[in-house]
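Derivation of every value follows stated rules applied to the coordinates shown; laboratory data play no part. Owing to the predicted nature of the structure, the values given are computational and were not obtained by experimental measurement. Virtual Cβ from ideal backbone geometry, glycine too; neighbours counted across all protein chains shown.
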Amino acid sequence: MKGNQKYLFERNRYYPGKMLTCADFQAEQGYFDSKRRFINTMMFGSGVVCGLGVYSLDDLSVFVESGVAIDGLGREIVVENSVVKKLSALEGFESLSSDRASLCLKYREEEIHPVYAVNKQNKGDEYEYNRISEGYDLFLVDTDMVDNIFSMENEFLSRAVLLNAGGYRVELELPSTACQGMYMKCQVCVSKTEGKVQTLSYESALQMPAFTALDGSHELKIQLLDIRLEEGERLTQEYWIKAQNLENADTGVMLQSGSVKAYLDGTKVEAEEELSIKVAIADIQPRKLIDEEIGKLNLEMRNMSGVCEYIRLADLVLVKTETTYIIEKVTERNIKKYIETPAEELIRNEYLEYFRLPDMFRTDSTDRGMNIQPMDSSGRTARFPQIATGTLEIPVGGRVRKGDIRYSGEVMHGLGSGNVYVEVGYEYLEEDRAAGANIRSTVYGNPDLFKSSASKMSNVETAVKVLNDKGSFIVAARFSKDVDYLVLNYRWVAIRFQTGDDGRDMKENAEKKITAKTPTIVLGTKESYYFDVEFHNMEKMSVGYEVTENEGGEITADGVYTAPGKEGVFEIRIFCLENPLICTYAYAIVKKKEQSEAIKE
């Protein structure tokens, strides 16, 4: 493993009369080699490009398929033909000290084609090699001696240790930043680092004020039952949680007090009882978030992380006999790192379609296909929103006379039947000189105020007819002068009013309510508590929190209340963000720490 990469980016400068020596020609080759390898490293990384499958041909031999790889220094390694190798003939076989070995591939240069040297420098140097052949070597190394490349940690993942006992290490891992309203994966990773095989059972509950589990609650239960791992083995358990629509929120997950239980072979062991991981919630798409995290790793940091000069192809489990080793098992999966090349992008996307649910079956950003909601004929969910928007066209058909009227087709606004207000605005393209491109604009209201940017808007006046019982509308356009337009483009906005026709909805709202799971708590000064909420006769939704009096403590957007430094009874209002009229109240009784503990007991 190399700690730093050196790139020679100096090329020859030619001029009339320049005397060229072998050093100049070497510099010429070195420049292009270094540039190509630099691009390989930055654009592709290291790993297997294609082929290089490894199979056990018999107890003593391995079969390696032809293929291509790129090592950590950006050098291409080409295995032009499939090869069969005896274990005993591989480099490193004699040095094996365990029954677990890794088969690796490395780049090799060899000088070939000796020719007579005209200008020999030293006696005995009659011949020089005329070519350098680029090849490869296969070798074995003990698996526990494989280079572990130090990776410069970025801020994408946050980790915390849940348990470290009996040779078992249990870690919680999740992204440091979540995307608003989207699911994200958190992992519990169990690894056996040392010691004899034991049965591990671990249970705990995480409180997540700003996230919901798949069951809709703010609690994530972790269960690892009867886990048995051998030294070096690793197990990962996945959980999915959904971030609420909180803007620029700094929140987190924490262990619920008293929820931790850990046992080794039935005997209780100590585990972490207090844990908190900070997580930010941002209004950003996952792809952009990942691009930002990867892109901000600068070249110096990349070089400091080190590189591996060989490619790990497979791990071998060996059985030692009196005279040699025989092959018991060959493992490739999760060992090899494959390079994603642009040449395979089309077929990669084609194969991925076998693992993706169509949009018509999905209701969120994940491919899990959960909680599918009924759809109406307009494609919207059966629970109509209060505002809808869209575009429409009114065909004109060429030259029209002053006073002519043209109509749009019937447009379904998707807000259901009832009293709905619809406004239309003319949509057009105009030149933005600052941006150096055309931009799309929409004008609602009197178009005469914008004659300079869209003169033809003033030639048309519009009216909207709303068909209340059908949940649709029609737009009419009358021309104030002769024009030769082919089509008019409009953007519409529809707003549904709650009037007498919507009495049923108002009655439903009156039956909806929320309550705090624990409406009254006892805390010591400066202590914190998370107020979880239960929903009655309504779907779960985002809620907000506020302390109703000054100096009554502080509460975060995700419901973590911190008591003030004084005693008293303080009120917290909890309300639905989408409908603040649906609310409840909780109370914190704040005492000095000794008194609060006595009250709790």
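Observations on the model:
- Order of Ile555, Ile387, Ile284 under a 10 Å beta carbon neighbour criterion, fewest first: Ile387, Ile284, Ile555
- Loop chymotrypsin sites (Phe, Trp or Tyr not before Pro), the stretch 60-152, which have at most 14 other Cβ atoms in a 10 Å radius of their Cβ (DSSP): Phe150
- What the Cβ-Cβ distance of Ser257 and Leu577 gives, at R0 = 35 Å and to the nearest 0.05, is a FRET efficiency of 0.80.
- Per-selection Kirkwood Rh - the stretch 512-600 (Cα, Å, 1 d.p.): 13.3 Å
- Inter-site label distance for Thr321 and Asn12 at 7 Å from Cα along Cβ, in nm: 5.8 nm
- The local environment of Thr236, defined by Cβ-Cβ distances under 15 Å, has a net charge of +2 under the rule Lys, Arg +1 and Asp, Glu -1.
- Once both labels are positioned 7 Å from their Cα atoms along Cα-to-Cβ, the gap between Lys465 and Leu60 label points is 9.4 nm.
- For a paramagnetic label modelled on Arg333 (point 7 Å from Cα along Cα→Cβ), amide N atoms under 17 Å away belong, within the stretch 27-58, to 53-56.
- Each Lys or Arg adds one and each Asp or Glu subtracts one; over the other residues with Cβ under 11 Å from the Cβ of Ala27, this totals -2.
- The mean sequence separation of alpha-carbon pairs under 8 Å and at least six residues apart, normalised by the residue count of the stretch 512-600, gives a relative contact order of 37 percent.
- For the stretch 157-296, the number of Lys pairs separated by eight or more positions or lying on different chains, with C-alpha atoms closer than 27 Å, is 24.
- Summary of the geometry: the stretch 59-123 and the stretch 515-573, compared by the centres of their Cα atoms, lie 66 Å apart.
- Placing +1 on the Cβ of every Lys and Arg and -1 on the Cβ of every Asp and Glu, with no other charges, gives the stretch 157-296 a dipole of roughly 160 debye about its Cα centre.
- Stretchable slack from Ser528 to Val197, in nm (0.36 nm times residue separation minus alpha-carbon distance): 115.2 nm
- Total formal charge among the other residues, if their Cβ is under 15 angstrom from that of Leu96, Lys/Arg +1 and Asp/Glu -1: -3
- Residue order, fewest to most beta carbons within 10 Å, for Tyr587, Tyr15, Tyr426: Tyr15, Tyr587, Tyr426
- For the pair Arg399 and Leu486, the difference between a 0.36 nm per residue extended length and the Cα-Cα distance amounts to 30.5 nm.
- Stretchable slack from Cys50 to Ala23, in nm (0.36 nm times residue separation minus alpha-carbon distance): 6.1 nm
- Pairs of Lys residues in the stretch 512-600, spaced 8 or more positions apart or belonging to different chains, with C-alpha separations under 19 angstrom: 15 in total.
- Spin-label pair Ala282/Met182, simplified geometry with 7 Å Cα→Cβ offset, distance in nm: 1.1 nm
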